[in-house]
Amino acid sequence: MVDATVDVIVVGAGLIGMLTARALQQHGARVLILERGKAGGESTWAGGGILSPLYPWRYPEAVNWLAHHGQKIYPQMAEEIFAESGVDPEYIRSGMLILDQHENDAADAWARHWQMQMEMLRGDALQMQEPALDPGVSSALWLPQIAQLRNPRLIKSLAGSLRQRKISCMENTEVMALEIESGEVRGVRTAQARYSAGNVVIAGGAWSAKIIQPYAKPPRIQPVKGQMILFRGEPGMLRSIILSQGRYLIPRRDGRILAGSTLEYTAFDKSVHDSALQDLRSAAVSLAPQLAGLAVENHWAGLRPGSEQGVPYICRHPEIKGLYINSGHFRNGVILGAASAQLMADLIGGITPAIDPAFYDFEAAH
Ligand SMILES: Cc1cc2nc3c(=O)[nH]c(=O)nc-3n(C[C@H](O)[C@H](O)[C@H](O)COP(=O)(O)OP(=O)(O)OC[C@H]3O[C@@H](n4cnc5c(N)ncnc54)[C@H](O)[C@@H]3O)c2cc1C
């Protein structure tokens, strides 16, 4: 049995685990990540990478604080991980058009409070901004600052950054048990070995509650399936992210266009269904009619770590010393991830955080 000792073990190499490990290392900690499958291979790979909650005014302040900080952190972080890895995560400020019009007052109040640019575009101005948009759409809210990252590239870029920083990430290594003595975490066990650390961060996405359940009160995190499809288009065919009635389009630099996403409470089931494909396709075509002529190149599903109001747990477990949770980011793990990782690293490092940690405490309203 190997018995490797580090300061912090991070369980799960989704985006949250990888960002947390990187932030901890920046605070000087020795970190080991243990991942059951491939780094980023679950919800993180499946996601769209929009750097904003959809309809952010519908979310509590706790979510908006993390999003606000994330929007400030990502431009520089994207450059850093590109430089460290040689892989461009494709941070693009494509802006977002929101076609739904019945919440404009709430949207206005949100934009003023968080100092986000937002304007109503109509007629020609709207068509100039997005020539691919259905000409029948007469007006839309335009949020020019909203950016995106391309998830599969973000994963490669971040994995490269971790390697460059000599943060060890062991793939195909499932954590089978937590080692706890006298109310304190001592490390974890896998099928092959035992790893010691005085701090363990559970960043297991939709599986986080399962990992904690045998030892202590689990967080209220459950899997929420999202299906997505991918069109193969030409570069520049669509310019902006478009959102309408919960369905969205995301244009990538190479012309590919993602159309998402379903919201399904079907436990740990990642199957995809033709009915969802048809549904996503017809919603996409109704937003941008040109998509009718494009082939659907891929169709997949991921399991989001669903929490009550989308508020993640970023905290120490109240029953076990040294056991931390960074999980439950639901539909917004990419945009919330950077600030969440910073907060988690600050809490473990005993540093006063920039964001009030009480929002994300175990007993807070998740
Ligand atoms: C269709 C879809 C669209 C989305 N779009 C967006 C978007 O546009 N913007 C946005 O911000 N967010 C979006 N999200 C949400 C975002 O993708 C998630 O919130 C985020 O990826 C969660 O990251 P995570 O690291 O917590 O989870 P995951 O990526 O699921 O990672 C958890 C990891 O833990 C590992 N693990 C589990 N158990 C163990 C164990 N016992 N031992 C070791 N490892 C273990 C898993 O294998 C997995 O790799 C979307 C999600 C989906 C599904």
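The table below lists the values:
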item: Helix runs (DSSP H) in the chain reaching 30 Å along axis by Cα, Kyte-Doolittle at least -1.0; result: 61-85
item: Alpha-carbon radius of gyration plus Dmax, which is the widest Cα pair, for the chain in Å; result: 20.5, 68
item: Pairs of lysines in the chain (C-alpha under 20 Å apart; 8 or more residues apart or interchain); result: 11
item: Among 249, 121, 133, residue whose mean-square fluctuation peaks in a GNM of the chain (springs only between Cα atoms under 10 Å); result: 121
item: Among 328, 146, 102 the positive-end extreme of the charge dipole of the chain (Cβ point charges); result: 328
item: Alpha carbon Rg of segment 1-69, scaled by the compact-globule rule 2.2 N^0.38 Å; result: 1.39
item: GNM result for the chain, Cα springs below 10 Å: residue of 129, 227, 71 fluctuating most strongly; result: 129
item: By average C-beta atoms within 10 angstrom, highest first, the peptides 320-333, 101-114; result: 320-333, 101-114
item: Cα-based equivalent ellipsoid of segment 143-250: semi-axis lengths in Å, sorted from largest, via gyration tensor; result: 38, 20, 13
item: Convex hull volume of segment 224-290 per residue (C-alpha atoms, cubic angstrom); result: 87
item: Equivalent ellipsoid dimensions for segment 80-148 as semi-axes, Å, which come from the Cα gyration tensor, largest first; result: 28, 18, 8
item: Normalised alpha carbon radius of gyration of segment 230-359 [divisor 2.2 N^0.38 Å]; result: 1.35
item: Along principal axes, Cα extents of segment 63-191, largest first, whole Å; result: 63, 38, 25
item: At q = 0.14, 0.24 Å⁻¹, base-10 log of I(q)/I(0) for segment 293-366 (Debye sum, equal scatterers on each alpha carbon); result: -0.49, -1.13
item: Quotient of Cα Rg and 2.2 N^0.38 Å for segment 1-116, N being how many residues it contains; result: 1.33
item: For q = 0.17 Å⁻¹, Debye-computed log10 I/I(0) when each Cα of segment 188-253 counts as one equal scatterer; result: -0.77
item: Dipole magnitude of the chain, debye to nearest 20 (Cβ charges: Lys/Arg +1, Asp/Glu -1, about Cα centre); result: 720
item: Sites residue 308 and residue 104, calculated FRET efficiency, Cβ-Cβ separation with R0 25 Å, nearest 0.05; result: 0.40
item: Over the chain, relative contact order from alpha-carbon pairs under 8 Å, at least 6 apart, %; result: 24
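A short reminder: the numbers here are calculations on the coordinates, not readings from a lab. Source: prediction; values computed, not measured. We place every Cβ from the backbone using ideal geometry, glycine too, and count neighbours over all the protein chains shown.
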